[in-house]
1. Given Cα positions, please report Rg to Rh for the stretch 632-694, the hydrodynamic radius being the Kirkwood one.
2. How high is the relative contact order of the chain? Use alpha-carbon pairs under 8 Å, at least six apart in sequence, and give a whole percent.
3. Please list, in chain and number order, the residues 5+ apart from Phe390 or on another chain whose amide H is under 5 Å from its amide H, with Hs placed from the backbone.
4. Using the Cα centre of the stretch 69-163 as origin and beta-carbon charges of +1 (Lys, Arg) and -1 (Asp, Glu), tell me which of Trp110, Leu144, Leu72 is placed farthest towards the positive end of the dipole.
5. Where the only charges are on Cβ atoms (+1 Lys, Arg; -1 Asp, Glu), what is the dipole of the stretch 423-510 about its Cα centre, to the nearest 20 debye?
6. Over all alpha-carbon pairs in the stretch 414-533, figure out the percentage whose distance exceeds 25 Å.
7. Above 21 angstrom, tally the Cα pairs of the stretch 69-163 and express them as a % of all pairs, no decimals.
8. Using only the alpha-carbon atoms, how far is helix 270-280 inclined from the longest principal axis of the chain? Give it as 0 to 90 degrees, nearest 10.
Amino acid sequence: MFTPNGLGRFVARRPRLIGAIGLAALVLAGIVGAGTIGALSLNRFEAPGSESMRARDALARDHGTGSPNVALLVTARTGTVDDPAAAAAGRALTAELAARDGVGDAWSYWTRGGTETLRSEDARHALVLAWVPGDADHVRTGVLPDLAADLTRTDGAVEVTVGGGDEVFRTVMEQARADFVRAELIILPLTLLLLWLVYRRFAAALVTLATGLFAVLGSLALLRIPLAFTEISTFASNIALVMGIGLGVDYGLFMIFRFREELAARGDGDDDVREAVVATVRGAGRTVLFSGVTVAAALAVLLVFPFPFLASFAYAGVAVVAAAVVAATVPLPAALALLGRRVARRTPAHRSAARWHGFATAVMRRPFVLGGTALALVLLLGAPFLGVRFGLPDDRVLNTSAPVRQMYDEIRASFPVEEADALQIVLRDAEGAGPYAAELSRVDGIVRVDSPAGSFADGGPVPAPAGARYTSAGGARVVAVPSSERLAADAVGLVEDVRALPAPGPALVGGYPAELADYRDAVTARLPVVAGLIVAVTVVVLFLMTGSVLAPLKATVLNLLSLSVMFGALVWVFQEGNLSGLLGFTPTGSIEPSVPILMFCIAYGLSMDYEVFLLSRIKEEYDRTGDAAASVPLGIARSGPLVTAAALILAVAFATYATGDVVFLQQLGIGMALAVLVDATLVRGVLLPAFMRLAGRANWWAPRPLRRLHRRVGLAEEPPPAPVRAQVPEEARG
């Protein structure tokens, strides 16, 4: 069996060969991964198989139309949109849009009489709406770019701005790609600077950063595999960058810290360097492998969601972890074997270790007071999450400088209703459609209902265009136009109210609000399954590592405490709008549910990363000394400086996205940076030693059947030939 010890000896004996192969692999990954970003897809928020998706299919199949996903805001340069020149321009624009390749249906204020809801209250603006069939990639990359370029106008009788739901998210994706490039330009030099401050050795800093680059490029190359059979969101590239740098740096720090420790316990000869490499791979390499399995498992559970947007992050996360683990356990040890003493410490290690040892000892002397204080602070920071309100995303995920965002700000200010976001109800036939439409128009928040029997408002008929377009051989359809206020305040409740109204026979309720509501419901319905799978997988992995029942459960509780702070920040900052002026976003009073789920999986995996680092060193000391109490501060002293440095660098990498122009990425950046910092300080620095002091020997307890199981299938490390002295002065050991 190729054990970590065997891998270490293989690398230590052939460092130049392994180094050359690693460099070639890095270049190859860059070449292969270069085409990945362009191959990533644009995804809609939709739930396959849901009622809204069945309604969309029926509208396209039986009626040749659908919810408008393209909108043109037409503004009269002088006068109103009813003036002859503006009206002629509006009719010509509608005909031009309807005649374009790929457009399935188009209508406007000027071509559909009685639709004053398509005109602003001051009559200076009017809307042209269109339905473009096809998936998000086809619409957003195959149709919209040319359409936007051709139809955007600033001269003549009218000005024209192109928008629509697909145009909003096309802009979001383009901005996310731009943020990716900008973040890369900021993260790489900043990370190198922070690494130099940690190591005070340029060679060590450069090798660690190279490990992160290997993880990023390797993950992009590995994503070519799932891209051959599925769609992957463009946001996966952002995750690959920030997690690749983060995990690569984490693992690089852990390996180099351990290598320095092993060097300090040996001589200066070449054989001593090689043995230090072997011991590093055997000890730290095994921990990196455990950490990688845990993080990958936490992200892989996103495959439970049948949505390309969330599943994309599972593929990206597993690819990043695989590349980071390989980089840290193969080419990095080869580089250490070649560099040898050039990565050794410039300053004694025992000072920082002694501080951590002293702090952990102080916590363990007063576990109730200090641990209780830290717990109260964590719970206080997480308390805002109790008021979370999950909602639906719109153009306000973009910065106010984006043209499409400015267009919808104008629509919200000038139009009383949201015609483009109308609910589309598909009926089997037109019989009974009139009374149903009249009753539907009484629903709170519904301004007008168009049907085969005419249009209705407040339960009574209103002037309307001919209703023939609302019937076909396949059945009938009814269009319910909502008010802007109800849609903004409670879109999901509006969909529920419409679906609760008895219909004349089988009915399918679709339209953009229904699609987002179904997506939200499908996501939240799977949350318990995802959370349960993450906890179960990590408990199993940590049991295989430690042989303990309590240690994995304790790790789960501590991780959830870290996550509570992150979620509390999401609500306090992004839902309630605190710091919105500083960060430059518009609060909507709710949180889109996909982002917290993604953050949960990433943060849980990274929190377990630090847990594995700390627990592995504590377990080593316990196995060496048998002292359940003394092993905790000794283990923390050996890993505390590492966790601090790794957390700071990872937090900086995530925080870079707070400067972006997409709210989703700002949420990810702020939330993850805070979660990492709190986890590395309050949770691992205070709550962990306090808990382990109270639990004592029970930390390592397991019932006899499980102990036998662990001896048989556990992944315990083979003991080193001789114990390595911890870098803690004797006087600090107490």
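1. Across the stretch 632-694, the Cα-based Rg/Rh ratio is 1.13.
2. Rounded, it is 18 percent for the chain.
3. Ile591
4. Trp110
5. Here the size comes out at about 260 debye.
6. 25
7. 27
8. 50
Each reported figure results from applying straightforward, stated rules to the coordinates on display, with no laboratory input. Not measured: the values here are computed from a predicted model. No Cβ is skipped: glycine too gets one built from the backbone with ideal geometry, and neighbour counts run over all protein chains shown.
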